[in-house]
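I have a structure here, written as structure tokens, and I will follow up with some questions on it.
The values are calculated or read from the model by the stated rules, or taken from the named source; none is laboratory data. Keep in mind that what you see is a predicted model, and the values were worked out from it rather than measured. FYI the Cβ positions are ideal-geometry reconstructions off the backbone, even for glycines, and counts take in every protein chain you see. When the accessible area is computed, the model is the full protein with side chains, heavy atoms only, and any ligands, DNA or RNA have been set aside. Shrake-Rupley method; radii C 1.70, N 1.55, O 1.52, S 1.80 Å.
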Amino acid sequence: MKSSASLFSRGLLALLLAASSLALSAAPLRVLLIDGQNNHDWKSSSPWIKEVLESSGLFQVDVATTTPKGGDMSVFKPDLKPYRAVVSNYNGEPWSKEFQAAFTEYVRNGGGFVSVHAADNAFPDWQEYNEMIGVGGWNGRNEKSGPWLYWEEKIVRDTSPGVGGSHGKQHAFKMITREPAHPIMAGLPAEWMHSKDELYDRLRGPAKNITVLATAFADKAQNGTGRNEPLLMTLSFGGGRIFHTALGHNNGPDLAAQKCVGFIVTLQRGTEWAATGQVTQKVPADFPTSDKVSSR
Ligand code: ZN
């Protein structure tokens, strides 16, 4: 009697363990999206970014919104512990020293970080942040911020004097994969057309522990630099993985650049990689080709 009861309870325990591990593997990756200030229309793009990530079926996205410009930033200190990655749609006033330190420790200790478009304009004076994004632009950045990073058969670090961050006219442009074996890029076309967007150029920064995944040629005919500019990058900072997409300009609710399937898919894959170090998502059939843009 005793032994059959113990067999039964052991069986029940095994069943419970199996069920909980199943639930664990199916649990969404929790992601925190930070917004609240930006020189872009973050009130339109944040719900879209959340939708893009959650539509993959992998993520559950919470949003943390800072105080508006001029507000008391000391009250903004979301707890990062529950999250596998933080996605920034923020370009504004400095966070409090306390939250900057918490964010730095979060990434250093293995938290994922994803920087979207103008998030790489933020915090020119925050050294660790600039190490996380690798390169950034505007807000006084220049050669003192670090080299201008571009691609000429390999990464070039140009230390000559000049501004950090500029862009030519918005246009559709071709993205060229530079690291086809990287999990984020594996299976994507070697070249694909990105919908009309700003092509950030002359980005500068510490550029340490950086991998350039894809570049685009900033044509002088579009007021660009005549260089292959890095637009998709990964970095490591301590134990943390960072995905940096310079794509995704938006100044209104049409969100054309962010509706490009190339933007969508690289953001989904880059966020999964930042959160877990792997990419399990398939490349969708509507991904742009080398001569055709594709939007959703
Ligand atoms: Zn922009």
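Just give me the residues in the stretch 121-174 being among the basic types (Lys, Arg) and assigned to a strand (DSSP E or B), in sequence order.
Narrowing the stretch 121-174 to residues among the basic types (Lys, Arg): 141, 144, 154, 157, 169, 174.
The answer is Arg157, Lys174.
Restricting to the stretch 192-209, give me the number of residues that are assigned to a strand (DSSP E or B), open to solvent by 30 Å² or more (accessible area, probe 1.4 Å) and touching an Asp or Glu at 6+ places or on another chain (Cβ under 9 Å).
The first filter runs over the stretch 192-209 and keeps only residues assigned to a strand (DSSP E or B), leaving 192-197, 200-201, 204.
After this cut, where a residue has to be open to solvent by 30 Å² or more (accessible area, probe 1.4 Å) as well, the list is 193, 196.
Restricting the remaining residues to those that are touching an Asp or Glu at 6+ places or on another chain (Cβ under 9 Å) gives 193.
The qualifying residues number 1.
May I ask you to list the residues in the stretch 143-172 that are closer than 17 Å to Leu231 by Cβ and polar (S, T, N, Q)?
Matches in the stretch 143-172: Ser166, Gln170.
Let me ask you something else. Please work out which residue is surrounded by the most Cβ atoms within 10 Å (Cβ to Cβ), limiting yourself to the stretch 180-191 and to residues that are outside any strand (DSSP E or B) and more than 16 Å from the chain's Cα centre (by Cα). Reasoning before the result, please.
Within the stretch 180-191, the subset outside any strand (DSSP E or B) is 180-190.
Restricting the remaining residues to those that are more than 16 Å from the chain's Cα centre (by Cα) gives 180-181, 186-190.
Working: Pro180: 13, Ala181: 7, Ala186: 13, Gly187: 14, Leu188: 21, Pro189: 17, Ala190: 12.
Filtering first and then ranking leaves Leu188.
Hey, another quick one. Which residues, counting only those in the stretch 22-61, are more than 17 Å from the chain's Cα centre (by Cα) and basic (Lys, Arg)?
Lys43 - this is the single residue of the stretch 22-61 that is more than 17 Å from the chain's Cα centre (by Cα) and basic (Lys, Arg).
Which of the residues belonging to the stretch 273-289 are farther than 17 Å from Asp197 by Cβ, of a type outside the set (Val, Ile, Thr) and out of contact with any Leu (no Cβ under 6 Å at 6 or more places or on another chain)?
Trp273, Ala274, Gly277, Gln278, Gln281, Lys282, Pro284, Ala285, Asp286
Going through Val261, Val265, Val279, Val293 one at a time, which residue ends up being more than 20 Å from Pro28 (Cβ to Cβ), modelled with pLDDT of 95 or more, under 17 Å from the mean Cα position of the chain (by Cα) and of a type in the set (A, V, I, L, M)?
Val261 is the lone residue from the list that is more than 20 Å from Pro28 (Cβ to Cβ), modelled with pLDDT of 95 or more, under 17 Å from the mean Cα position of the chain (by Cα) and of a type in the set (A, V, I, L, M).
Mind counting the residues in the stretch 256-292 that are within 16 Å of the ligand (Cβ to nearest atom) and open to solvent by less than 10 Å² (accessible area, probe 1.4 Å)?
So the answer is 5.
Now for a separate question. So Gly136 fits all but one of (1) in contact with an Asp or Glu (Cβ under 7 Å, 6 or more places away or on another chain); (2) surrounded by fewer than 23 Cβ atoms within 10 Å (Cβ to Cβ); what number is the exception?
(2)
Of all residues in the stretch 139-164, how many are open to solvent by 70 Å² or more (accessible area, probe 1.4 Å) and on the phi > 0 side of the Ramachandran plot?
Qualifying residue count, the stretch 139-164: 2.
Which one of Ser115, Ser74 is among the hydroxyl-bearing types (Ser, Thr, Tyr), outside any loop (DSSP other than H, G, I, E, B) and either open to solvent by less than 10 Å² (accessible area, probe 1.4 Å) or touching a Phe, Trp or Tyr at 6+ places or on another chain (Cβ under 6 Å) (or both)?
Ser115
If I ask for residues that are more than 16 Å from the ligand (Cβ to nearest atom), open to solvent by less than 30 Å² (accessible area, probe 1.4 Å) and under 19 Å from Leu235 (Cβ atoms), which ones from the stretch 88-105 would you list?
Taking the stretch 88-105 and keeping what is more than 16 Å from the ligand (Cβ to nearest atom), we get 93-105.
Of the ones still in play, those that are also open to solvent by less than 30 Å² (accessible area, probe 1.4 Å) are 95-96, 99-100, 103-104.
If the condition is that a residue be more than 16 Å from the ligand (Cβ to nearest atom), open to solvent by less than 30 Å² (accessible area, probe 1.4 Å) and under 19 Å from Leu235 (Cβ atoms), then Gln100, Phe103, Thr104 are the ones that fit.
Restricting attention to the stretch 216-255, which residues are of a type in the set (Gly, Ala, Ser), buried (at least 20 other Cβ atoms within 10 Å of the Cβ) and within 16 Å of the ligand (Cβ to nearest atom)?
Answer for the stretch 216-255, where residues must be of a type in the set (Gly, Ala, Ser), buried (at least 20 other Cβ atoms within 10 Å of the Cβ) and within 16 Å of the ligand (Cβ to nearest atom): Ala216, Ala218, Gly224, Ala246, Gly248.
Of the conditions (1) more than 16 Å from the ligand (Cβ to nearest atom); (2) under 18 Å from the mean Cα position of the chain (by Cα); (3) within 16 Å of Gly137 (Cβ to Cβ), Thr177 satisfies every one except a single condition; which number is it?
All conditions are met except number (3).
Sticking with this structure for a sec: Quick one: in the stretch 36-50, which of the residues that are part of a loop (DSSP other than H, G, I, E, B) and surrounded by 16 or more Cβ atoms within 10 Å (Cβ to Cβ) is farthest from the ligand (Cβ to nearest atom)? Lay out the reasoning, then the answer.
Within the stretch 36-50, the first condition is being part of a loop (DSSP other than H, G, I, E, B), and the residues that meet it are 36-41.
Among the residues that remain, those that are also surrounded by 16 or more Cβ atoms within 10 Å (Cβ to Cβ) are: 36-38, 40.
On the way: Gly36: 17, Gln37: 14, Asn38: 9, His40: 6 Å.
For the stretch 36-50, the residue satisfying everything is Gly36.
Could you tell me whether Thr289 is touching a residue at least 60 places away in the same chain (Cβ under 8 Å) and of a type in the set (Ser, Thr, Tyr)? Please lay out each step first, then the result.
Values: touching a residue at least 60 places away in the same chain (Cβ under 8 Å): yes; of a type in the set (Ser, Thr, Tyr): yes.
Considered against the rule, which asks whether it is touching a residue at least 60 places away in the same chain (Cβ under 8 Å) and of a type in the set (Ser, Thr, Tyr), Thr289 comes out as yes.
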